[in-house]
Amino acid sequence: MFNRRKFLQSSLLSSIGLTLGKKIFANERPYPVIKNNPIVISTWDAGLAANKDAWKILGSGGRALDAVEAGVMVTESEQSCCVGLGANPDRDGFVTLDASIMDENFNCGSVAFLERIKHPISVARRVMEKTPHVMLVGSGAQEFAVAEGFPLEEEKLSDDAEKNYKEWLKKSEYKPIINIENKKSSAFAPAKVNGEWNHDTIGMVAMDAQGNLSGSCTTSGMGFKMRGRLGDSPIIGAGLFVDNEVGAVTATGQGEDVIRICGSHTVIEFMRQGLSPEEACKKTVERIMKIKGEAAKQIQVAFIALNKKGQVGAYAIQKGFSYALKTNKEEKMVSAKSVLNGSDKW
Ligand code: SD4
């Protein structure tokens, strides 16, 4: 039955909507009012360039989710980098990629063991937005990507990766160790970027002008890994976690040890209890070290965290981990504190 009161209410609401819509248009304000100071942090040196692209979105009032996707796409595109298709292959000579993304509403998506697709992070976002699932892997993930219009790239190693792989094949020793900042000659060390050794992962977390948090993580995983091996990066709660009431966290380093303790989720829970981002990362790193005992001296794990107040922090097992930070006031690399400080290293 026609209800006059409801009709009046809804016409009133729509005219308010129209007036607001007109007002926004009349003021030519393309984005919502800036309420918070946006901030973005990301792992390792490649984070500087990635943050710049993220900032194009954050700095003009855009959404953190869009920023963390656009940011890490820069690193995925680097042919000479160890993230994306230019990265070191697995021990059978194939590059296999993992990525995950998470927004402010616990929506999340990930892909793993994905081959021949340039931007795994964008496929992860499509999984989140276009399927009822969180994770797609292997040929299924690739089929989904192609169906979504992502081009299937040529199966070819980058020059750096080919050189590294040939070198590795000489001994073909299976000793997976990740992120060894000081052991440049290791068969498992990642490829070179601009003459510097770089890493095979980028994780990024950001807060936008609305105060919303999001995160992304993308990796080629461990160089010369077993075929099919996954690390923490595509696993929500391990390599990445976002709780919009608390903070956003991502991990880098030896994924197996991050997965064991649901690393990024653990950092979030410590922050929920009131710890600062740095303290929360430190406690989580210490938990891994307690479990590993002496063996912790052989690995690197690091976390970066951002809380709801816009405070950031990081902590690593080994010395040498740094992250890139960008706000409207500064843009820099920050060296993280570590539990082990060089003398007790390896
Ligand atoms: C992995 N956590 O696949 C990733 C590797 C990494 O810098 O972070 N490398 O285990």
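The values are calculated or read from the model by the stated rules, or taken from the named source; none is laboratory data. Bear in mind the structure is a predicted one, so any value in this text is a computation, not a measurement. Glycine gets a Cβ as well: all are built from the backbone with ideal geometry, and neighbour counts include every protein chain shown. For the accessible areas, the whole protein counts, side chains as well, though only heavy atoms, and no ligand, DNA or RNA atoms are used. Shrake-Rupley method; radii C 1.70, N 1.55, O 1.52, S 1.80 Å.
Name the one entry in Arg116, Arg91, Arg125 that is under 16 Å from Val72 (Cβ atoms) and either touching a residue at least 12 places away in the same chain (Cβ under 8 Å) or outside any helix (DSSP H, G or I) (or both). Give the steps one after another, and end with the answer.
Details: Arg116 fails: under 16 Å from Val72 (Cβ atoms); Arg91 fails: under 16 Å from Val72 (Cβ atoms).
Criteria check complete, one pass: Arg125.
When Val134, Val127, Val111 are screened for being among the hydrophobic types (A, V, I, L, M, F, W, C), surrounded by 24 or more Cβ atoms within 10 Å (Cβ to Cβ) and under 28 Å from Gly211 (Cβ atoms), only Val127 passes.
Residues considered: Thr43, Thr96, Thr75. Of these, the only one that is open to solvent by less than 30 Å² (accessible area, probe 1.4 Å) and touching a His at 6+ places or on another chain (Cβ under 8 Å) is Thr43. Summed over region 237-264, the residues that are surrounded by fewer than 24 Cβ atoms within 10 Å (Cβ to Cβ) and closer than 16 Å to Glu104 by Cβ give a count of 4.
Is it the case that Lys282 is over 20 Å from Val127 (Cβ atoms), touching a Leu at 6+ places or on another chain (Cβ under 9 Å) and at pLDDT 95 or above?
Working: over 20 Å from Val127 (Cβ atoms): yes; touching a Leu at 6+ places or on another chain (Cβ under 9 Å): yes; at pLDDT 95 or above: yes.
Yes; evaluated as a whole, the condition is true for this residue.
Just to be sure, is Asp53 away from the ligand (no atom under 16 Å from the Cβ) and either part of a loop (DSSP other than H, G, I, E, B) or over 12 Å from the mean Cα position of the chain (by Cα) (or both)?
Details: away from the ligand (no atom under 16 Å from the Cβ): yes; either part of a loop (DSSP other than H, G, I, E, B) or over 12 Å from the mean Cα position of the chain (by Cα) (or both): yes.
It is true that Asp53 is away from the ligand (no atom under 16 Å from the Cβ) and either part of a loop (DSSP other than H, G, I, E, B) or over 12 Å from the mean Cα position of the chain (by Cα) (or both).
When Glu278 is tested against (1) closer than 18 Å to Leu213 by Cα; (2) open to solvent by less than 60 Å² (accessible area, probe 1.4 Å); (3) in contact with a strand residue (DSSP E or B) (Cβ under 6 Å, 6 or more places away or on another chain); (4) charged (D, E, K, R), just one condition goes unmet, and that condition is (2). When Pro277 is tested against the conditions (1) over 23 Å from Cys108 (Cα atoms); (2) at pLDDT 95 or above, the lone failure is (1). In the set (1) modelled with pLDDT of 95 or more; (2) open to solvent by less than 30 Å² (accessible area, probe 1.4 Å), the condition left unmet by Ser158 is number (1).
Residues in region 281-291 that are open to solvent by 80 Å² or more (accessible area, probe 1.4 Å) and charged (D, E, K, R) were compared, and the one that is nearest to Val249 (Cα to Cα) is Lys283.
Being under 30 Å from Asn328 (Cα atoms), in contact with a helix residue (DSSP H, G or I) (Cβ under 9 Å, 6 or more places away or on another chain) and of a type outside the set (Phe, Trp, Tyr) is true for just one of Gly61, Gly86, Gly109. Which residue is that? Break it down into steps so the answer makes sense when it comes.
Working: Gly61 fails: in contact with a helix residue (DSSP H, G or I) (Cβ under 9 Å, 6 or more places away or on another chain); Gly86 fails: under 30 Å from Asn328 (Cα atoms).
Of the residues listed, the single one that is under 30 Å from Asn328 (Cα atoms), in contact with a helix residue (DSSP H, G or I) (Cβ under 9 Å, 6 or more places away or on another chain) and of a type outside the set (Phe, Trp, Tyr) is Gly109.
Return a yes/no flag: does region 62-84 have any residue that is within 14 Å of Thr219 (Cα to Cα), hydrophobic (A, V, I, L, M, F, W, C) and over 15 Å from the mean Cα position of the chain (by Cα). There is at least one residue in region 62-84 that is within 14 Å of Thr219 (Cα to Cα), hydrophobic (A, V, I, L, M, F, W, C) and over 15 Å from the mean Cα position of the chain (by Cα).
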